[in-house]
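A short write-up of the structure that comes next.
What follows is calculated from the coordinates using simple rules that are stated; it is not laboratory data. Note that the coordinates shown come from a computational prediction; the quantities given were computed from them, not determined experimentally. We place every Cβ from the backbone using ideal geometry, glycine too, and count neighbours over all the protein chains shown.
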Amino acid sequence: MTTRRAACLSVLPLVALACAAETPVQFGGTLDGGARPPDARVDAAAPRDLGGRSDTPVAPVDRGVIAVDDRPAVEPSDVANIYDTGNGSDACAVGAACTARPDGCEARERCGNGLDDDCNGQSDEACPCIPGTVQDCFLGPPGRQGVGQCRAGTQRCQGTGEFGSWTACGGGISPGAETCDNLDNNCDGCADEGLCCRAELLCPGPGDPRVPDGRPFGLYPLRGGMFFTGDVRRWQWAIRGGPCESVLPRPTFETYGLDTRDGAFRPTLSGDYTITLTVTTGTGATFTCTFVVHVAGPGLRVELCWDTSTTVDVDLYLHDPRNNRPWFSSAAGPLDSANNDSCNWSNCEANIRGRMGRVNWGYPTTPVANCDSGPFGAGWRALGMCSNPRLDIDNNLSKASGVPENVNVDNPRDGETFRIMAQNFTGTRARPVVNVYCGGRLRGTLGAAPDSLPDFTGASGYTSVGAMWRVADVAVRVDASGATTGCEVTPLHPPGMRAGFDVTRNDPRY
Ligand SMILES: [Ca+2]
Ligand SMILES: [Ca+2]
Ligand SMILES: [Ca+2]
Ligand SMILES: [Ca+2]
């Protein structure tokens with residue numbers, strides 16, 4: 001692999017022009033990580049000996065994958081003087097000498113790592129998995145995972161049998177063509193290599209302090225001035241949500257001022273939100289940044305959404321991990337039979353509506369900042385703390401409608417196993433989807449199309465416990481500092497079965 005500086009040297013007259021004008025110069029060439037499936041063989045080719053450096057300008061259209069990688073290596077001592085302006089400042093410092101990382105592509109796919117080992121455009125294809133579980137994945141050469149702008153996404157195990165297969169990897173950011181934005185777009189470890197430009201657009205990558213993690217229900221500011229400081233004719237923000245986006249009847253986030261420099265959005269769900277900023281400059285040129293905002297809460301967070309959430313009331317329950325007693329004290333309706341062996345609408349919100357008082361499983365309270373941005377934030381602020389476990393919101397059609405419902409345990413204990421259940425209070429048709437987040441990472445998506453519950457109807461909760469779906473068991477891993485680091489999600493099936501949804505009617509069993 002040649003150094004990227006070599007490409008700059010060969011277009012020196014263009015460099016001078018670009019730096020004098022202080023405008024980005026883009027050659028339009030996809031290097032080696034564009035939209036096409038990555039190919040190990042291109043980058044693995046040994047550089048040919050071209051017989052020394054050429055100072056002949058290279059036409060932009062000639063700059064393809066091979067053109068870049070075929071250039072001979074140049075010793076740093078050779079390049080040291082090229083950009084020496086005599087005063088120590090180097091207008092073309094961006095894109096300084098940098099050796100691209102190896103792609104790491106292999107001949108065969110490995111299972112269980114979420115990587116596209118064989119660089120065919122699919123991660124963990126043909127690998128068995130447990131339906132409903134979710135893993136991190138990356139679409140790109142394995143060696144570029146977590147480098148530059150590249151970011152892992154997630155993939156869900158799909159299927160209705162004992163084993164399923166992974167869906168396409170979504171929600172991450174793959175290597176793209178290098179553009180003049182002070183960011184390593186093709187994720188080879190070098191930013192703006194070969195472009196010899198001065199970036200006006202400064203796009204953020206993962207871990208950039210300008211794009212910190214968000215909190216569910218917290219307002220997330222989008223500040224265009226942090227990314228572009230030049231003359232702007234038009235700002236445009238676009239936001240794409242997570243797995244519930246296609247389930248709920250309305251977006252999983254509210255937006256503000258998306259056509260202004262300073263916009264914002266408010267996510268109602270955990271997960272990764274993909275943000276795209278498009279800037280149209282005073283001269284009509286357009287620049288784009290795409291980045292991911294990770295919205296996360298600590299500990300275990302279970303989120304329920306369903307397609308008919310404006311007309312049907314479905315309730316989320318999380319069982320006390322210390323016992324396996326029935327979900328309800330009888331088969332009578334939840335209004336009479338809900339108990340404190342689970343966290344639910346009656347005992348887990350800021351304002352308690354049930355007869356049993358607030359649920360108490362022995363967890364300390366956590367700072368009110370963990371819960372005060374939710375719909376009932378004022379209630380938690382009045383209490384001065386967040387209880388654990390707790391509900392942020394009960395979508396019961398009157399207090400809230402068309403929104404997800406969730407249960408949080410900020411500080412579970414290591415090794416505890418939590419069972420999740422959804423009860424259809426209205427009793428009419430609903431296709432619920434449950435997302436499980438552990439330490440802020442999505443680890444389970446259960447009930448998602450095309451593997452939806454075939455029939456989740458039953459009696460009204462006013463008369464009986466009706467239709468209940470035992471969703472999954474979640475065994476959490478917690479480190480010595482108390483931080484939840486992960487979990488194992490085990491989808492539940494009818495007793496004695498290895499597949500299928502455990503849905504019952506008027507049966508309160510655990
Ligand atoms: Ca593959
Ligand atoms: Ca793999
Ligand atoms: Ca790069
Ligand atoms: Ca770049």
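Points worth noting:
- Rounded, prolate or oblate (a/c below 1.5 giving rounded, otherwise prolate when a/b exceeds b/c) for segment 436-510 by Cα gyration tensor: prolate
- Listing 363, 437 from fewest to most neighbouring C-beta atoms within 10 Å gives 363, 437.
- Cα gyration tensor category, rounded, prolate or oblate, for segment 220-295 with a/c compared to 1.5: prolate
- Separation of alpha-carbon centers, segment 383-458 and segment 462-484, rounded to whole Å: 9 Å
- Within the shell defined by Cβ-Cβ distances under 12 Å, the residues around residue 157 carry a net charge of -1, with Lys and Arg each +1 and Asp and Glu each -1.
- Less than 5 angstrom separates the built amide H of residue 443 from those of 436, 437, 438, all sequence-distant by 5 or more or on a different chain.
- Chain lengthening between residue 378 and residue 490 when straightened (0.36 nm per residue, less Cα-Cα): 36.8 nm
- Summed residue charge, Cβ within 14 Å of residue 361's Cβ, Lys/Arg positive, Asp/Glu negative: +2
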